[in-house]
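Asker: Got a structure for you, questions after.
Bear in mind these aren't lab numbers, they're just calculated from the coordinates by the rules spelled out. These numbers were taken from a predicted model, which means no experiment stands behind them. For neighbour counting, all protein chains shown are included, and Cβ atoms are generated from backbone atoms with ideal geometry for every residue, glycine included.
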Amino acid sequence: MWTASLALVAVLAADPATCPRELFRIERSKNANVVLYETNAGKGVALDPDEPVVASWLLLATTGKRESLSFLERVFAYGFESRLAPTGESCSLTLKALKGRTIHVSPRGPCLSAFAVIDGADAVLQKIFVQTDERGPAPAVQYIELFGLDATTGEARYEKVIRKK
């Protein structure tokens, strides 16, 4: 199972009730709209067993409102598969857009965070940026950038993944 250093990164809230729900986001070159990935937890860090993480649009390019992902977006682009750990306090995610990487959602202090390997090191994932070419009938991904903080040192981590054609 995934483990990460708890001595780290940012100032943590002392009370789980004040923890942010957002784990990470996907930003795109197309417009300012982002997909937010958030915890679906009850009290403390216990995740909802049926839907531990939820994804939704934040429409920053237009109204600023929230919107659900469409069926096609969940199946092909921004959806994910999740596996809840027996304790209910962590899960693993596999994004449709990043099938080769697993994201682990687990406690970091009183809050839940998303952990992934970024440029060979365990990191707290903050953001994924997707550069697309919109000229064809469907957008073509040119590259993906991962941004986070090293899980041990708190230093910035970055990796660019170029899509092979």
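Asker: Can you give the local net charge around Thr94? Use residues other than it whose beta-carbon is closer than 9 angstrom to its beta-carbon, Lys and Arg +1, Asp and Glu -1.
Answerer: +3
Asker: Still on this model: Whole-Hz ³J(HN,Hα) for each residue in segment 47-55, computed from phi via Karplus 6.51 cos²θ - 1.76 cosθ + 1.60 with θ = phi - 60°, x for glycine and proline: what do you get?
Answerer: 3J(HN,Hα) across segment 47-55, in whole Hz: 7, 5, x, 8, 8, x, 9, 10, 10.
Asker: Just for the Cα atoms in segment 23-162, what are the lengths along the principal axes, largest first, rounded to whole Å?
Answerer: Largest first, segment 23-162 extends 46, 31, 26 Å along its Cα principal axes.
Asker: Still on this model: Could you tell me the calculated FRET efficiency between Asp50 and Val161, based on Cβ-Cβ distance and R0 = 41 angstrom, to the nearest 0.05?
Answerer: 0.85
Asker: Oh, and also: If we count every other residue with Cβ under 10 angstrom of Asp150's Cβ, Lys/Arg +1 and Asp/Glu -1, where does the sum land?
Answerer: -2
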